[in-house]
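My structure is below; once you've seen it, I'll send some questions.
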Amino acid sequence: MFAASERDVTSPTPLQGRVLVIDDDETTCELLGTALTRLGATVRAFSSPKAAVEVFAREEFDAVITDLGMKEMSGIEVCERVQSSRVDVPVIVVTGQGTMDAAIGALRVGAYDFLTKPVDMKLLAAATGRALRQRALSEEVKHLRSIVASGSRPAPIIGGSSVMRSVYDLVGRVAASDASVLIHGETGTGKELVARAIHQQSSKKSGPFVAINCAAVPANLIESELFGHARGAFTDAKAQRSGLFVEASGGTLFLDEIGELPLEIQAKLLRALQERKVRPVGSNAEVPFDARLVSATNRDLDDEVEQHRFREDLYYRVNVVKIALPPLRERAGDVLELAHHFLGILASRSGQPALSISTAVAERLMDYHWPGNVRELENCIERAVALARYAELAVDDLPEKIRSYRPERFVVAADDASEVMKMEEVERRYVLRALSLMGGNKTRTAEVLGFDRRTLHRKLERWGIADADRPPSSPPLSPLRS
């Protein structure tokens, strides 16, 4: 009945969701329900499939697990009933070894996955976890589609993750003061957006927001850009210029990548902040200014101070309040919301309805590690929209590095502490290796691996291998990180 006792069931990640279990064998039904409950799921178990289907019609469930060979109602009929009313609820069918054709039949009518008896508890946990994740993604995509369809637009800073809520809270608290703010974060995390949010919530919001990227201005011109210059101060100074500090008076001056400023300019910046006056290049007169300073950097300024590349006194002057922006890989829950935000922006530019995101695309976006952060995601969505052939983004519309990316989910071995892959990744690499050795012949590959062609096709679809008839490149089989 079971390949492992319920006491052997362990799961590194608790299952979250409501699961409907159906099996007309009461003992099996009870054991399945108990095992899934211990894994964290909320379970309703029924030995009567008719009663279960009636409950399904009244209550919300995130996944269904049903036996195939039942007398009162077959598992295929259960699957059809579920699919006809709620197509986004995944169904896992459980079949005996002698009824593989029936399992394939269930897949044809929309079953998400199947398990064979005796049921292995670890496989049950893995299959149920995948099904619940699929359901959660479907719900998230549906929710975000409704946001886009309603025409509502999120706030300038997008994301509802806990780390971003902390950022919003800090922005709101610091905006009311005139204290200097230092925003730290990797390139592409949205530091200027945060600076603008501070300005828009401050008492100086009616004044100008003036921004400059210190890394983009040559060292011999940065002083003139910041403090201005007198006419004739240097060869090209044909007219007097006030400089950005004076231009930002009554508002906010944003110095992006402040860590790139040369040391001699840092000294002059410190004096300007202390005196609230600037001296234009070539002038003997000082000009007052009234601008709030917000700075940003992707460097570790503490380390820069220790290495004597950034003045310690200036560091304390610009770093009265520090806001740390998390990279996108640490706020994965915001990825889909950001993606739909960019879809809405692109739709507004083109005057066309916003494209939607398929569940398969959502999975790839959630799994990817985004080294380029929000800026890379925006570029990815813009590219996908440019290549899209349908009203819904497909996996093939994504950049190749995102399509082929596989998350590194490793556990540490007890003996040598070497990193190994999860079984899903081991299976994927082994199957693709076999497919490559068979020259892309799926029928022959399935025979060698010991399962039917339909199962192979289903696995390839799950892994996003669209052109499975062409031999894929062979991934390495080493269990170590590739």
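Looking at 245, 289, which is the one that is among the aromatic types (Phe, Trp, Tyr) and either within 39 Å of the chain's Cα centre (by Cα) or modelled with pLDDT under 90 (or both)?
After ruling out the rest, the residue left standing is 245.
Can we say residue 276 is basic (Lys, Arg), in the same structural domain as residue 177 (by TED's automatic domain parsing) and under 16 Å from residue 314 (Cα atoms)?
The answer is yes for residue 276.
Taking only the range 320-369 into account, find how many residues are more than 26 Å from residue 175 (Cα to Cα) and part of a loop (DSSP other than H, G, I, E, B).
Total satisfying the criteria: 8.
Among the candidates 309, 331, which residue alone is farther than 16 Å from residue 272 by Cα, of a type in the set (D, E, K, R) and surrounded by 20 or more Cβ atoms within 10 Å (Cβ to Cβ)?
331
With respect to the numbered conditions (1) modelled with pLDDT under 50; (2) under 30 Å from residue 343 (Cβ atoms), which one is the sole condition not fulfilled by residue 420?
It is condition (2) that residue 420 fails.
Mind counting the residues in the range 279-300 that are of a type outside the set (Phe, Trp, Tyr), outside any strand (DSSP E or B) and under 18 Å from residue 208 (Cα atoms)?
Number satisfying all stated conditions: 2.
With the checklist (1) more than 17 Å from residue 16 (Cβ to Cβ); (2) modelled with pLDDT of 75 or more in hand, flag the one item residue 130 doesn't pass.
(1)
The values are calculated or read from the model by the stated rules, or taken from the named source; none is laboratory data. What you see is a predicted model; the values in this text were computed from it and never measured. For neighbour counting, all protein chains shown are included, and Cβ atoms are generated from backbone atoms with ideal geometry for every residue, glycine included.
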